[in-house]
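Have a look at the structure below, then the notes.
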Amino acid sequence: MEDSQIPREGSLGPPESSAPPESLNISVAIIGPRGSGKSTLTRTLSQQKEQFGPDFLNSYFKVEDGSHGVTCHPYPPLPNVTLLDFPGYRPGDSASLYLEGIKPTTVQYLVVTLGESVSSTDVQLVGTLKKMGRPHCIVQTHTDLTLHTKKRQQGKSYWRGQVLQGLRQSLEDHFKGSEFQGLKMFLVSCLEPQMFDFPSMVDYMEGDILQCSRSADNSAGSQGQELATHFEVTCDENQLAQFPSLLISFLDNPPPVPVVVGVTGNEKDVFLHALSEPPVSCFVVRSLPGPRNPPLTVEQYLENLQLEDCDVYLIEGSGMDPSSRTTLVEALVAAGKHCMLIGGDGKRGKGQDADEGEEPGKRADHLGSDLLELRMALEKGVPLLVRERLLQSLPSIILQLVRRERRKLMTGIYPTCLDVCSMASNGHLPEALTSLSSALSSYRERFGLGDDTLASTAQMTNCPVEDLRSEIRCPMAQNPSEEQLLQMASQPLSLSSIVWSYIPLLGGGETVPTTLSPERTYRLLVESVWGMAEDAERVLLHACAKQKVGKERNATCHWPCM
């Protein structure tokens, strides 16, 4: 790892220890065009809360002048990492000249921000970084503002999922060709960091910085993120091993999560009004676009419907022919979606044209008690729908909880490394190894990989403990001895030291004292946390798999088509 040439503000090591090794200091450069949200992204990554006052709004919506210099910010999840906010460039500037000022070889990682539009300079800059082989990722900001703009422009034909898919495709189209293969691109909103790709972007960036491998599926769905918040407090206070027992409790009594009900069709206003007034806290009614005019094919319409994250789809089929309605409902049910066919031609009959000018509230009265029964059916089915969503989102919830625990443990790795190495360099090697072993033991307990926690998890889930133990693959989770730790973390002897140790008269024959290498100790701790995190994810998924199969038989909703 190359040394950073950019000065750092203050020392990150404890006052009693020696100066921290420069090789452990990592710099991340945030670069990109002016007005692309570099400073806002940097502040978000450094966990600074924005104050949404007039000054902030003026600076947020006004393109920066680019006159500020390089500003340094800490990165709390990794205390040895510094974020460098560089000034931006104009669309017509030279990418090569801009990179010469950045000096990419002096930083370990680069984050390239892009605004709502991509210029030729952006493409040239990314291509140059790719040729240089510098690790980097692409972040397109202002996703929330783009979605709001598209919603105003498209009106009733707005599909949120389709617009997001179009944004991704447009970004990929700007970076076509073999020279851009393997490029990682993320859509983020710095003002809403839990939305879109921000968690995945942070996870990917940290993995590249630490040179750690990541699983293929590294994204958590929005519904999984919402449900995971109900497990966070218990898992933070105790251990991840508490997740199975909490899951059992939530399956019997689902958490208070609102169900999303999407209503679509040409004449859906009456149903939207009837389901929304008065509002009910147990479900959220979302208006979905109709089949359009001319209508989309069933395949296209079904694809757009499934892009929206809804628990139940209510299809008002008065504007569709019977065969299309039947095909659409059957396709939704076959895809595992919950569907109700509401209204229909028979509900309006010959009076359809006469009712077109009526208010939604008055037209709702014409449907009598049917809407009341529909509303009662939805309210009654909320616990079953939440339970089913909980089971379907189980991998995403576990991923988010394990990632959260891993990031908490990563904040203490750098100070632990300095303390252990400082203890060893001062002649207290046995104490240093004991401290290192204790740190690894605490990691195992926090991830629920200890013998006692595995036995407890096996008992709660009726899963053999041998099956759970077979999912553990990280060597550091196998309780290594202090001799093994010394071999992995000790400073390797130089060739000259080995030679002089065999020449008693000239070299004195003195035994070179064993010390711990900060670089190897840091790498040992990092790989331990990341490896145990992957083990914890596999253990929890395996433990809850049997639970899931048993509960799914009683958790699945079977909605009638009305």
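The values are calculated or read from the model by the stated rules, or taken from the named source; none is laboratory data. Since the model is a prediction, treat every value here as computed from it, not as a measurement. Virtual Cβ from ideal backbone geometry, glycine too; neighbours counted across all protein chains shown. Protein only, heavy atoms only, side chains kept; ligands, DNA and RNA dropped before computing areas. Shrake-Rupley method; radii C 1.70, N 1.55, O 1.52, S 1.80 Å.
Annotation note: of Val112, Val123, the sole residue that is hydrophobic (A, V, I, L, M, F, W, C), closer than 19 Å to Asp173 by Cβ and open to solvent by 10 Å² or more (accessible area, probe 1.4 Å) is Val123. Taken over region 311-332, the residue count meeting the criterion of being touching a residue at least 60 places away in the same chain (Cβ under 8 Å) and either part of a loop (DSSP other than H, G, I, E, B) or more than 15 Å from Phe271 (Cβ to Cβ) (or both) is 2. Filter region 222-240 for residues that are part of a helix (DSSP H, G or I), over 22 Å from Leu332 (Cα atoms) and either in contact (Cβ under 8 Å) with a residue 40 or more places away in the chain or not polar (S, T, N, Q) (or both) and give the result. Hits for region 222-240 are Gln225, Glu226, Leu227, Ala228, His230, Phe231, Glu232, Val233, Cys235, Asp236, Glu237, Leu240. Residues that are under 20 Å from Ser36 (Cβ atoms) and open to solvent by less than 50 Å² (accessible area, probe 1.4 Å) within region 143-157 comprise Thr143, Asp144, Leu145, Thr146, Leu147, Thr149, listed in sequence order.
The set of residues in region 241-277 that are within 23 Å of Val329 (Cβ to Cβ), open to solvent by less than 10 Å² (accessible area, probe 1.4 Å) and outside any helix (DSSP H, G or I) comprises Val259, Val261, Gly262, Val263, Thr264, Gly265. Taking residues in region 25-38 that are among the hydroxyl-bearing types (Ser, Thr, Tyr), and partners anywhere that are assigned to a strand (DSSP E or B) and open to solvent by 10 Å² or more (accessible area, probe 1.4 Å), the pairs with Cβ atoms closer than 8 Å and at least 6 places apart or on different chains are Ser27/Thr82. Taken across region 469-480, residues that are open to solvent by 10 Å² or more (accessible area, probe 1.4 Å), in a helix (DSSP H, G or I) and among the acidic types (Asp, Glu) do not occur at all. Of everything listed in (1) in contact with a Pro (Cβ under 7 Å, 6 or more places away or on another chain); (2) in a loop (DSSP other than H, G, I, E, B); (3) not aromatic (Phe, Trp, Tyr), the single unmet condition for Ser213 is (1).
The number of residues in region 158-194 being open to solvent by 40 Å² or more (accessible area, probe 1.4 Å) and among the hydroxyl-bearing types (Ser, Thr, Tyr) comes to 2.
List the residue pairs whose Cβ atoms are under 7 Å apart, where the first residue sits in region 267-295 and is farther than 20 Å from Gln306 by Cα, the second is at pLDDT 80 or above and assigned to a loop (DSSP other than H, G, I, E, B), and the two are 6 or more positions apart or on different chains. From region 267-295, the pairs are Ser281/Pro258; Cys282/Pro258.
A quick yes/no check of all residues on (1) open to solvent by less than 20 Å² (accessible area, probe 1.4 Å); (2) within 27 Å of the chain's Cα centre (by Cα); (3) at pLDDT 70 or above; (4) not hydroxyl-bearing (Ser, Thr, Tyr):
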residue	(1), (2), (3), (4)
Leu524	yes, yes, yes, yes
Arg538	no, yes, yes, yes
Gln547	no, yes, no, yes
Gly550	no, no, no, yes
Cys561	no, no, no, yes
